[in-house]
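Please read the structure below before turning to the comments.
Readers should treat all values here as calculations from the given coordinates under stated rules, not as data from a laboratory. These numbers were taken from a predicted model, which means no experiment stands behind them. When we count neighbours, we look across all protein chains shown, and the Cβ atoms used for this are built from the backbone with ideal geometry, even at glycine.
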Amino acid sequence: MRNVVIIGSGPAGLTAAIYSGRANLQPLLIRGVEAGGQLTLTTLVENFPGFPKGVQGPDLIEMMRKQAEEFGTEFKEGNVTRVDLSQRPFVLELGEERIETRTLIIASGASARLLGLESERKLLGHGVSTCATCDGYFFRNKEVVVVGGGDTAAEDALFLTRYATQVNVVHRRDQLRASKIMQDRLRRNEKIKFVWNSVPTDILDPAKGEVTGVKLRHTKTGDETLKACDGVFIGIGHSPNTRLFSGQLEMNEVGYIVTRGGAKTSVAGVFAAGDVQDPVYRQAITAAGSGCMAAMDAERFLDAEH
């Protein structure tokens, strides 16, 4: 029987592990398939406090992991295949293994939706980004492409105009899906250009280890063109990793776990932290902060029972 089990090993899960470990709760952290979360796909992180010269995303995750281990966190590799939150103790299954726990912290994160191009995967962190707020600073005085037509893409494009000389919004249709106020802001910004009825078919150049351009196919004519650029931002949204908890926890219309009064979910003893419950900020520092909240809420929940 575990006091606390944490699902997820990004900033939220590891911070929850540090805090619950220091509270002597002997946490078990299940690392999951994408161990370390989205930070492992990031190169230089310059906006996490305490690193004046920045820190590599994977290095930051590794330091957090060692810190959690120092305070007694037990790590388990693998992917949770089933959870039962209908009664306590909660039951988790990792293949054939069954784990029981008094409290559960869900920090399974959200995955950026990608285009599905092989070159996109190879160039992630090397000119291809899913986070304009994280990486926009590296594209000062450069030309970039933003793929998408919703509010995510619009927000990314507007943010990038602070740094880039030109921001090209590539959309598969001839009009945006973004809210009218966002569309108006885009059209008023002279740095933003639109490439309508177009979809990326390839990103150049993995062989060089950097982005030099994007191949685009016109959705109506089928014609292919090459758009030179220095960076590509994928702005087609994120999907929270919450399928396991469908029907067991309250979620919003797109699947983010709803939390109230800190990190509390709709089931007593279950807490959520990080991108799995945050569709707005999605930053390493906010994920870490909510991981702290989840661990403290879990500790107080267990104290109240005794």
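To the nearest 20 Debye, how big is the dipole of the chain about its Cα centre, given +1 on the beta carbon of each Lys and Arg and -1 on that of each Asp and Glu?
840 debye
Defining a contact as two alpha carbons under 8 Å apart and six or more residues distant in sequence, what relative contact order in percent does the stretch 114-234 show?
Once normalised by length, the contact order is 31 percent.
Which residues' amide hydrogens lie under 5 Å from the amide hydrogen of residue 229, considering only partners 5 or more residues apart or on another chain, with H built in the peptide plane?
213, 214
Quote the Stokes-Einstein diffusion coefficient, in whole µm² s⁻¹, for the stretch 195-304, based on the Kirkwood radius over alpha carbon pairs, a temperature of 20 °C and a viscosity of 1.002 mPa s.
Translational diffusion coefficient: 124 µm²/s.
Note the angle between two axes, namely the Cα long axis of helix 284-305 and the longest principal axis of the Cα atoms of the chain, as a number of degrees from 0 to 90, rounded to the nearest 10.
20 degrees
Starting at the first residue of the stretch 66-77, write each ³J(HN,Hα) from the Karplus equation 6.51 cos²θ - 1.76 cosθ + 1.60 with θ = phi - 60°, in whole Hz, x for Gly and Pro.
With coefficients 6.51, -1.76 and 1.60, one gets 5, 5, 5, 5, 4, 9, x, 6, 9, 10, 10, 7 Hz.
Lone cysteines in the chain, defined as no other cysteine's Cβ under 4.7 Å from theirs: which are they?
For the chain, the answer is 229, 292, because their Cβ atoms have no other cysteine Cβ under 4.7 Å.
Normalised by the residues of the chain, what does the relative contact order come to in percent, with Cα pairs under 8 Å and at least six apart?
Dividing the mean separation by the residue count of the chain yields 21 percent.
Nearest-5 percent of antiparallel DSSP beta bridges in the chain?
The antiparallel proportion sits near 45 percent.
If you rank 238, 306 by fewest surrounding Cβ atoms within 10 Å, what's the result?
Sorted ascending by nearby Cβ count, the order is 306, 238.
Over the Cα atoms of the chain, how large are the radius of gyration and the largest Cα-Cα distance (Dmax), in Å?
20.9, 69
Can you show me the helix-derived [θ] at 222 nm for the chain, built from DSSP H runs with n ≥ 4 at -39,500 (n - 2.57) apiece and divided by the number of residues, rounded to the nearest 500.
Taken over the chain, the calculation gives -7500 deg cm²/dmol.
Distance in nm between label sites at residue 180 and residue 215, each 7 Å beyond Cα in the beta-carbon direction?
Rounded to a tenth, the inter-label distance reads 4.1 nm.
Cut-off 10 angstrom, C-alpha nodes, Gaussian network model of the chain. Which of 78, 125, 222 fluctuates the most?
Largest GNM mean-square fluctuation: 222.
Sorted by average packing, counted as other Cβ atoms within 10 angstrom per residue and highest first, what order do 26-32, 280-286 take?
With the highest mean Cβ count within 10 Å placed first, the list reads 26-32, 280-286.
Normalised by the residues of the stretch 176-306, what does the relative contact order come to in percent, with Cα pairs under 8 Å and at least six apart?
Relative contact order of the stretch 176-306: 12 percent.
For the stretch 233-306 and the stretch 88-155, what is the separation of their Cα centres, given in Å?
For the stretch 233-306 versus the stretch 88-155, the Cα centre distance is 16 Å.
For every other residue with a beta carbon closer than 14 angstrom to the beta carbon of residue 79, add +1 if it is Lys or Arg and -1 if Asp or Glu, then tell me the sum.
Summing Lys/Arg as +1 and Asp/Glu as -1 gives -1.
Going by C-beta contacts inside 10 Å, put 230, 278, 184 in order with the fewest on the left.
Result, fewest neighbours first: 184, 230, 278.
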